[in-house]
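The values are calculated or read from the model by the stated rules, or taken from the named source; none is laboratory data. Computed from a prediction, not measured in an experiment: that's the story for all the values here. Note: ideal-geometry Cβ built from the backbone for every residue, glycine included; neighbour counts use all protein chains shown.
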Amino acid sequence: MRWLIPIFIYMLIEVYSYQAIKAITKNNWVQIGYFVVSLCILGYVIYIFANYDRSVGPTKYTLRASALLLLTLVPKLILVLFLFGEDIIRSCVAGYNYLTNTFFEGTATQYLPDRRKFISQLALGVAAIPFAGLLHGIFKGKYNFKVIRHVLYFEDLPKAFDGFRITQISDIHSGSFDDPAKIEYAVDLINEQNADLLLFTGDIVNTMAKEMDDWIDTFKRIKTPQYGKYSVLGNHDYGEYVTWDSEEEKDANFQAIKDIHNKIDFNLLLNDSAFVEKDGERIAVIGVENWGHNFKKAGDLNKASEKVVKEDFKVLLSHDPSHWEYEVKKHSDHYHLTLSGHTHGFQFGIEIPGFVRWSPVQYVYKQWAGMYNETGRYLNVNRGFGFHAFPGRVGIWPEITVIELRKGSKPA
């Protein structure tokens with residue numbers, strides 16, 4: 001029953017989309033072919049999700065089904081917008097004709113204007129744009145790694161750390177990978193940054209620890225900088241999005257996920273902190289477990305900061321940026337820089353520096369991608385290294401962040 005309403009809506013979209021095809025061509029084979037392909041895709045998607053195994057979680061088949069659904073649904077929604085708009089005009093014209101008795105005698109269809117071929121052609125042309133974008137995102141965009149650089153100024157940064165470089169990665173989601181060569185390239189790109197410190201902000205898998213088995217050697221190639229590699233957990237690392245046969249099995253998976261960090265030479269911080277020392281001075285690296293306004297709240301900022309004093313310069317690792325919005329930025333202690341991920345920038349949006357910056361995720365998260373600053377407290381939301389749910393990225397590319405810390409005030 002829960003599928004009936006979505007299927008009904010989908011079929012209405014199909015009927016409208018068919019009107020565009022019908023207006024452009026009278027070839028019966030093209031029209032029949034359209035229906036056959038659409039029904040096959042719909043049938044495949046329903047079959048995959050109706051047989052979704054919650055004990056296994058997302059698989060390459062669910063990713064493929066998501067891709068097919070979006071590839072067909074998004075362009076058709078564009079068609080619906082155009083044709084529905086045309087129908088409003090056609091209805092107004094028909095009403096005018098009826099009221100002024102200018103219609104021909106006979107059935108109502110004789111005074112309702114026919115669809116214009118030009119409108120259908122225009123609708124198909126516009127719909128081709130998101131279709132092409134989604135195709136690019138699936139085959140190219142998801143591995144279109146970008147290095148994003150920031151320079152941040154702090155008056156109270158210890159002098160020894162002036163020019164200190166931090167590389168951040170987030171949201172690996174290793175269970176979604178399907179191209180080892182691209183991941184090897186990304187690891188090389190991380191190494192090329194020659195950071196002083198490397199930080200990972202959670203979601204190493206989609207659900208299962210075994211998703212990382214084939215990638216341990218690859219991620220172990222990430223060089224350990226002079227001042228180390230630190231990491232935290234994300235919401236997907238707790239194994240809470242599948243059904244387990246027992247709590248013992250779930251706990252074993254969780255422990256295996258935590259063990260992965262050690263296998264790839266990361267120091268996992270579980271509501272804990274560590275100090276990075278340089279030339280007799282130090283900064284604190286603080287790592288909380290996942291804390292999300294709408295997700296698991298395992299993070300304990302006060303516990304994680306027990307070793308830290310108020311005067312310490314603080315870099316906080318917290319997977320979900322809502323933690324910064326609801327707790328960190330208002331905290332009585334001054335957390336200078338918080339590093340998060342989680343949103344992936346929705347893996348879909350438009351970013352043209354200085355002109356446009358939009359993604360559907362901005363209606364859910366106030367801070368969703370990039371660097372934010374309020375009262376001298378900075379938050380960087382990394383757009384993510386991997387991908388999840390949809391096997392692609394459109395306009396929001398996978399990110400490796402490099403942050404340079406500078407002492408003093410920002411130049412005018």
Since Ala284 meets every condition but one in (1) touching a helix residue (DSSP H, G or I) at 6+ places or on another chain (Cβ under 9 Å); (2) free of Cβ contacts under 8 Å to residues at least 40 places away in the same chain; (3) surrounded by 20 or more Cβ atoms within 10 Å (Cβ to Cβ), which condition does it not meet?
(1)
What's the number of the condition Pro6 fails, among (1) of a type outside the set (Phe, Trp, Tyr); (2) modelled with pLDDT of 90 or more; (3) surrounded by fewer than 17 Cβ atoms within 10 Å (Cβ to Cβ)?
(2)
Of all residues in segment 344-354 being in a loop (DSSP other than H, G, I, E, B) and free of Cβ contacts under 8 Å to residues at least 40 places away in the same chain, the one that is surrounded by the fewest Cβ atoms within 10 Å (Cβ to Cβ):
Gly354
Those residues that are more than 13 Å from Lys229 (Cα to Cα) and either buried (at least 21 other Cβ atoms within 10 Å of the Cβ) or touching a Cys at 6+ places or on another chain (Cβ under 6 Å) (or both), I need them from segment 260-276; list them, please.
Ile260
All positions within segment 145-167 that are within 25 Å of the chain's Cα centre (by Cα) and loosely packed, with under 15 Cβ neighbours inside 10 Å
Lys146, Val147, Arg149, Val151
Expected output for segment 236-254 (first residue over 16 Å from Lys296 (Cβ atoms), partner part of a loop (DSSP other than H, G, I, E, B), Cβ below 7 Å, 6+ apart or cross-chain) is Thr243/Arg54; Thr243/Ser55
Among the residues of segment 201-238, write down those that are assigned to a helix (DSSP H, G or I) and either within 24 Å of Val402 (Cα to Cα) or modelled with pLDDT under 95 (or both).
Trp215, Ile216, Asp217, Thr218, Phe219, Lys220, Asn235
Please indicate, with yes or no, whether at least one residue in segment 356-365 is in contact (Cβ under 8 Å) with a residue 12 or more places away in the chain and on the phi > 0 side of the Ramachandran plot.
no
Taking the options Ser170, Ser176, name whichever one is in contact (Cβ under 8 Å) with a residue 12 or more places away in the chain, surrounded by 13 or more Cβ atoms within 10 Å (Cβ to Cβ), touching an Asp or Glu at 6+ places or on another chain (Cβ under 8 Å) and within 29 Å of Ser66 (Cβ to Cβ).
Ser170
Among the residues of segment 242-249, is there at least one that is over 15 Å from Val328 (Cα atoms), assigned by TED's automatic domain parsing to the domain that holds Asp333 and in contact with a helix residue (DSSP H, G or I) (Cβ under 9 Å, 6 or more places away or on another chain)?
yes
Going through segment 301-312 one residue at a time, which ones are surrounded by fewer than 15 Cβ atoms within 10 Å (Cβ to Cβ) and among the acidic types (Asp, Glu)?
Glu306, Glu311
Number of positions in segment 43-57 that are out of contact with any helix residue (DSSP H, G or I) (no Cβ under 7 Å at 6 or more places or on another chain) and surrounded by 14 or more Cβ atoms within 10 Å (Cβ to Cβ):
2
Select, from Gly141, Gly202, Gly133, the only residue that is touching a Ser or Thr at 6+ places or on another chain (Cβ under 8 Å) and surrounded by 14 or more Cβ atoms within 10 Å (Cβ to Cβ).
Gly202
For the subset of segment 313-337 comprising residues that are in contact with a Phe, Trp or Tyr (Cβ under 6 Å, 6 or more places away or on another chain) and free of Cβ contacts under 8 Å to residues at least 40 places away in the same chain, which member is surrounded by the fewest Cβ atoms within 10 Å (Cβ to Cβ)?
Lys314
How do the strands (runs of 3 or more DSSP E) wholly within segment 252-341 filter down when requiring 1 or more residues that are of a type in the set (D, E, K, R) and modelled with pLDDT of 95 or more: which remain?
272-278, 281-287, 313-317
What number of residues in segment 110-120 are in contact (Cβ under 8 Å) with a residue 60 or more places away in the chain and surrounded by 13 or more Cβ atoms within 10 Å (Cβ to Cβ)?
4
Are there any pairs, at least 6 apart or on different chains, whose C-beta atoms fall under 8 Å, with the first in segment 20-47 and β-branched (Val, Ile, Thr) and the second in a loop (DSSP other than H, G, I, E, B), and if so, which?
Ile46/Trp3
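Every residue in segment 208-228 that is over 17 Å from Leu189 (Cβ atoms) and not β-branched (Val, Ile, Thr), please.
Selection gives Met208, Ala209, Lys210, Glu211, Met212, Asp213, Asp214, Asp217, Gln226, Tyr227, Gly228.
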Restricting segment 122-171 to residues that are touching a strand residue (DSSP E or B) at 6+ places or on another chain (Cβ under 7 Å) and hydroxyl-bearing (Ser, Thr, Tyr), the residue that is nearest to Ser318 (Cα to Cα)
Ser170
Output the number of the condition that Lys310 fails; it satisfies all remaining conditions of (1) in contact (Cβ under 8 Å) with a residue 12 or more places away in the chain; (2) touching a strand residue (DSSP E or B) at 6+ places or on another chain (Cβ under 9 Å).
(2)
